[in-house]
Every structure is written in structure tokens, then in C-alpha cells.
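Visitor: I have a structure I would like to understand better, so I am pasting it below and will then ask my questions one at a time.
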Amino acid sequence: MRDPSELVTWHDRVDVAERPLLLYAFTGFVDAGAGVRLGYEQILQECEHRLVATFDTDELLDYRARRPRMTYVVDHFAAVEIPEISLHEVTDPTGQRFLLLSGPEPDYQWLRFLAAVDTIVDAFDVRLAVGLSAIPWPIPHTRPLGITVHGSEPDLVAGHVSVIGEIEVPGHVGAMLELHLGQRGVPSMGVTAQVPHYLVQFEFPRSAITLLSGVSAATGLVLPTSGLDDPAKRADDEVSEQLEGNDEFAGVVAALEGQYDQMAAISSGATGGLGDLAGSPMPTGDEIAAQVEQFLSSLDDSDGDEKQD
């Protein structure tokens, strides 16, 4: 392996008096509803920050898989936006300072990238690393989004109940970083927003609000979310408009609402428990998937009709 430190270009050396928290947020594979991207953009927009370091994206990214956006003006190309993986020192509204590592998930050299992050963790003597992610979940947009909290030490997940047993999932850099740092003895955890599975391809700002609120609750940081309130309201209104007159979509949401409300009642102890489910059978995953497929097909048909008109 080539020297991992060569991936990092330092722009400003900072002297953090206390061991900082490292928050990392990578867009791409586990960014349902763009919750991760909207979340870290909100942090950088609302909190005081300064650039500390950047990574060599020429080494890490596949530009053909995520082509840079270019601006064309009349008769010439005027600008190009190269994706950037960057490290910022951020100060929250209460004066707490932390590090934010954000940008697109690397396509290449994952192990070398992890080793490069090690140099940052060691340089600042990071006390805790926290990752952001957002995943599809069978949950309706009409109910509060949930979060999954996971971590390398039992104390980090205390008070959070997992509904998932042992499963295998495709690897991603955020999860590998959590595992890697935990194996090195650096406390590491993740906060994952549960996003309605039928909205994962769209910007859904409430997923970012859920993420930032979850991190604040888990770490004591104060991460502002008010700037996302209006976009979240607009997104909710747009989804509600899609419900009107679309029986397939309405059926998906109604099934998920029933499932959510029953499980919430069981969890809170408000009813007699699992026996309550006998009188009102839950939709199976295949049934919900079939409804989603019908809904998406109807959207494709609508788009085709509009183009013909």
C-alpha cells in the first residue's frame, strides 16, 4: 500500500484544546432521500466552520460513475464542479468544536482511505467517531421517521432497541470506518435514518432533520435544523399531492400506516401485545413491494403520456 498520508492535503492546522468528536458523512450508497447530503450541507450552512484538509479525489473517485457537473454558457464551457471529500473544523451554536469529514463515498482504495482517516484520528486524538447514513425502511411519510443507532461499544447504543438480528449487507465506507475504528479502540457509532422506501430516490429533507436530531441526542452537539423546516414542508406537500387520485400509492401508505401504528402501540405497551395483530393481519413484504411496483409503473406511464402530448 502506498503511503496513505499522501491522500490528504492539509490547508489549515488547527489546535483543538479538547479531544474532538469526528462526524463523518458520505453520500452515495446509504444516502436514502439525500438525508446525509442535506444534513452535512445544513451543518456547513448554519455553523461556523473552516476547511482543514481535503482528499485527493483523483485517486478515490470514478468520474465516469459520477460525472462532474459543468456549466455551459452560450458558446463555451465556463466552469466545472469537481466533487470534494473535505475535513472541516465546525463550531456549533453553543461553542462546541468538532470535526466534519464529508463528501462522496470513495469508489477506489477503500483500505488506503481508512488508513488516511487514521492519520486524522491520530493527529487530533479523536475521542468519538460518529457516522451518518440513511436507508430505505417500510415506514410511511405520514409518521415520524425512526433511527437506528449502532456502535462499537455497548454504552454507545444504550437505550436503543434493535429490531434487526444478524444479517449480511453490502459494505460501504461509512460502515467499514465504524468497524475499523472500533477495532483500533476508538469508540465509533452510527446514526441511521429510516426513510420511506418509496421516497429514497427523491430529496426528503425530513430524513436530514431526523439524522441531525439523532446525532444531537446521542452526542450533546447542537446541530441546527430550522433551515430544513420549509423544504421539509414543501416535500411533504408534494408527496401528499401524489396521493390524491392514485389508489396504488394510497394503498401502500395506508398499509404502512397500519403497520406503524400497530407496532407503536405494542412498543408503548398501550395494547395487549402481539395478540392484537391476529384480528388485523399485517401486509407481507411481497404485498407491499407489489403495490410499490404498480405505483412506480403508473408514474412511468404518466410520464410517457405527457411526452406524447
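The values are calculated or read from the model by the stated rules, or taken from the named source; none is laboratory data. Keep in mind the model is a prediction, meaning the values are calculated, not measured. Every residue, glycine among them, receives a Cβ derived from its backbone with ideal geometry; neighbour counts consider all protein chains shown.
Visitor: Quick check on my filter: what residues within the stretch 164-222 are part of a loop (DSSP other than H, G, I, E, B) and small (Gly, Ala, Ser)?
Guide: Answer for the stretch 164-222, where residues must be part of a loop (DSSP other than H, G, I, E, B) and small (Gly, Ala, Ser): GLY165, GLY171, GLY185, GLY220.
Visitor: Follow-up question, since we're still on this one. Let me confirm something: among LEU51, LEU100, LEU44, which residue is assigned by TED's automatic domain parsing to the domain that holds TYR24 and not in a strand (DSSP E or B)?
Guide: On inspection, the qualifying residue turns out to be LEU44.
Visitor: Same structure again: Are any residues in the stretch 1-41 outside any loop (DSSP other than H, G, I, E, B) and charged (D, E, K, R), and if so, which ones?
Guide: GLU6, ASP31, ARG37, GLU41
Matching residues to (1) crowded, with 21+ Cβ neighbours inside 10 Å; (2) in contact with a strand residue (DSSP E or B) (Cβ under 6 Å, 6 or more places away or on another chain); (3) within 30 Å of GLN262 (Cβ to Cβ):
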| position | (1), (2), (3) |
| --- | --- |
| ALA116 | yes, yes, no |
| THR148 | no, yes, yes |
| LEU179 | no, no, no |
| GLY182 | no, yes, no |
| GLY185 | no, no, no |
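Visitor: Residues to consider are LEU22, LEU7, LEU60, LEU38; find the one that is surrounded by 19 or more Cβ atoms within 10 Å (Cβ to Cβ) and either β-branched (Val, Ile, Thr) or in contact with a Leu (Cβ under 6 Å, 6 or more places away or on another chain) (or both).
Guide: Values: LEU7 fails: either β-branched (Val, Ile, Thr) or in contact with a Leu (Cβ under 6 Å, 6 or more places away or on another chain) (or both); LEU60 fails: either β-branched (Val, Ile, Thr) or in contact with a Leu (Cβ under 6 Å, 6 or more places away or on another chain) (or both); LEU38 fails: either β-branched (Val, Ile, Thr) or in contact with a Leu (Cβ under 6 Å, 6 or more places away or on another chain) (or both).
Answer to the selection: LEU22.
Visitor: Could you check the stretch 110-154 and list, in sequence order, the residues that are within 22 Å of the chain's Cα centre (by Cα), polar (S, T, N, Q) and farther than 15 Å from GLY214 by Cβ?
Guide: Within the stretch 110-154, THR142, SER152 qualify.
Visitor: Of all the residues that make up the stretch 103-135, how many are assigned to a helix (DSSP H, G or I) and either within 22 Å of VAL36 (Cα to Cα) or in contact (Cβ under 8 Å) with a residue 24 or more places away in the chain (or both)?
Guide: Within the stretch 103-135, residues that are assigned to a helix (DSSP H, G or I) and either within 22 Å of VAL36 (Cα to Cα) or in contact (Cβ under 8 Å) with a residue 24 or more places away in the chain (or both) number 13.
Visitor: If you don't mind, another one. Report yes if some residue within the stretch 123-130 is modelled with pLDDT of 95 or more, touching a strand residue (DSSP E or B) at 6+ places or on another chain (Cβ under 9 Å) and closer than 30 Å to ALA255 by Cβ; otherwise report no.
Guide: No, the stretch 123-130 contains no residue that is modelled with pLDDT of 95 or more, touching a strand residue (DSSP E or B) at 6+ places or on another chain (Cβ under 9 Å) and closer than 30 Å to ALA255 by Cβ.
Visitor: For THR71, only one of the following conditions fails: (1) touching a helix residue (DSSP H, G or I) at 6+ places or on another chain (Cβ under 6 Å); (2) farther than 23 Å from VAL30 by Cβ; (3) polar (S, T, N, Q). What is its number?
Guide: Of (1) touching a helix residue (DSSP H, G or I) at 6+ places or on another chain (Cβ under 6 Å); (2) farther than 23 Å from VAL30 by Cβ; (3) polar (S, T, N, Q), only one is false for THR71: (1).
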